[in-house]
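Shown next, in structure tokens, is the structure this report addresses.
Read-outs throughout are calculated quantities, based only on the coordinates presented, and are distinct from any laboratory measurement. Worth saying up front: this structure is predicted, and the values here are computed from it rather than measured. Counting neighbours? That spans all protein chains shown, and the Cβs are built from the backbone with ideal geometry, glycine included.
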Amino acid sequence: MKKIRLFPILILIAGVMISCGQKKTSENQNTMRSGYIKIAVDQTLQNVIQQEIDVFEGLYPAIIEPIFTTEQEAIELLKLDTVRLAITARNFSAAELAYFHEKTFQPEAYRIAIDGIALITHPSNKDSVISRNDVKRILTGEVTQWNQIYPGSRLGKIQVVFDNTKSSIVRYANDSICREKPLSNELNALELNEEVVEHVAKVPGALGLIGVNHISDENDSTVIDFTNKVRVMRVSYEDKATPNNSVQPYQYYLYNAEYPYRREIFILLNDPRGELPKGFSRFVTSDQGQRIIKRTGLLPSTMPIQAVKIVEQ
């Protein structure tokens, strides 16, 4: 009787040992399409990159664990060799390239998409068009009340909200919107783009800045829920914004640069052995990976596209 009881237990233990051994092998022997890696991702791009990961893992015996964090932290993780791949809203800086070259690495950068920064307001805000100049005046603190831009507005103080102080959106606001003038100290930082949407949906006087992919994927129920809660503003290059000269961040307007707040999305790679990080990079830049980007509302970088203008109502 004792032998009968011991036999299945021994089989179970053996099975566990084999299973553990297989997992260890898969983690230590990465190939272009198999194994396990961590990657660092700018959290403003979470929606689109998670879809890329899901499809890749469905096709190949690979596990990709994303660390959704700030752009600044993502690049630091790459420099520390905690990850071999980071996805950010900018290319390497000269200082970062010099850092890797000193360590005899030859990092690579692949542009994978064109994204945009969307401006969102509470649905009760009837003023849905704004000039690029007025956006700058708001972010630098020159304008603090809605009625300074829209005479007759009763919304009071403009409460600007970002995701967080180390995000790519804050950097973009500094580098590409305000430029020679500093951001106002009165701006508010939360943590995530999702929190910005929820805050704007509750505060009539709020103005939020978020990544376009959080409101552009019509196949994502969460995105649809977000777009029903807020109003996406139209932005104009002209000093006086009108419905006729202002556009929202649709793919067509990102494509022809009619929407002013565009930014490039890059894979930053430091994978000298050419393993799973390189394989995932090739997938994202392939036709299949670029179709995922297109489906989420961003503009793919490495595939031919047919831009269709949307007639806005």
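Remark: relative contact order (the stretch 94-175) = 15 percent; criterion is Cα-Cα distance under 8 angstrom and separation of 6 or more residues. The ellipsoid that matches the Cα gyration tensor of the stretch 64-107 has semi-axes, each √(5λ) in whole angstrom, of 18, 12, 8, with the longest given first. For Ile39, the residues whose amide H sits under 5 Å from its own are Glu65, Ile67, ignoring neighbours fewer than 5 places away on the same chain, with H placed 1.01 Å from N. Other residues within the sphere of radius under 15 Å centred on the Cβ of Glu142, judged by their own Cβ, net out at +2 (K and R +1, D and E -1).
Coupling constants for the stretch 190-203 follow from the phi torsions by the Karplus curve (6.51 cos²θ - 1.76 cosθ + 1.60, θ = phi - 60°), and in residue order they are 9, 10, 10, 4, 4, 5, 5, 4, 5, 5, 4, 5, 9, 10 Hz; glycine and proline get x. Specify which residue in the list Leu209, Tyr172, Thr242 is farthest towards the positive end of the charge dipole of the stretch 115-262, using unit charges on the beta carbon of Lys, Arg (+1) and Asp, Glu (-1), about the Cα centre. With unit charges placed on the Cβ atoms, the residue in question is Thr242. Close amide H pairs (under 5 Å, H built 1.01 Å from N) link Ile112 with Ile265, Phe266, Ile267, residues at least 5 positions away or on another chain. Think of the stretch 90-138 as a dipole: +1 on every Lys or Arg Cβ, -1 on every Asp or Glu Cβ, centred on the Cα centre; then among Tyr110, His122, Phe92, His122 lies furthest on the positive end.
Annotation: amide H of Gln159 within the under-5 Å range of Ala206, Leu207, sequence separation 5 or more or interchain, hydrogens built in the peptide plane. Across the stretch 161-167, computed HN-Hα scalar couplings (Karplus, 6.51 cos²θ - 1.76 cosθ + 1.60, θ = phi - 60°) run 10, 10, 6, 7, 5, 9, 7 Hz from first to last residue, x flagging Gly and Pro.
Our note on the geometry: Cα centres of the stretch 227-278 and the stretch 131-149, 21 Å apart. When only the Cβ of Lys, Arg, Asp and Glu is charged (+1, +1, -1, -1), the dipole of the stretch 82-188 relative to its Cα centre reaches about 160 debye. Using only side-chain charges placed at the Cβ, +1 for Lys and Arg and -1 for Asp and Glu, the dipole size of the stretch 115-262 relative to its Cα centre rounds to 560 debye. Do the alpha carbons of any pairs in Lys126/Lys181; Lys157/Lys202; Lys126/Lys229; Lys166/Lys278 sit beyond 20 Å of each other, and which pairs? Over 20 Å apart, Cα to Cα: Lys126/Lys181; Lys166/Lys278. Net charge dipole, the stretch 237-287: roughly 160 debye, given to the nearest 20, about the Cα centre with Cβ charges of +1 for Lys and Arg and -1 for Asp and Glu.
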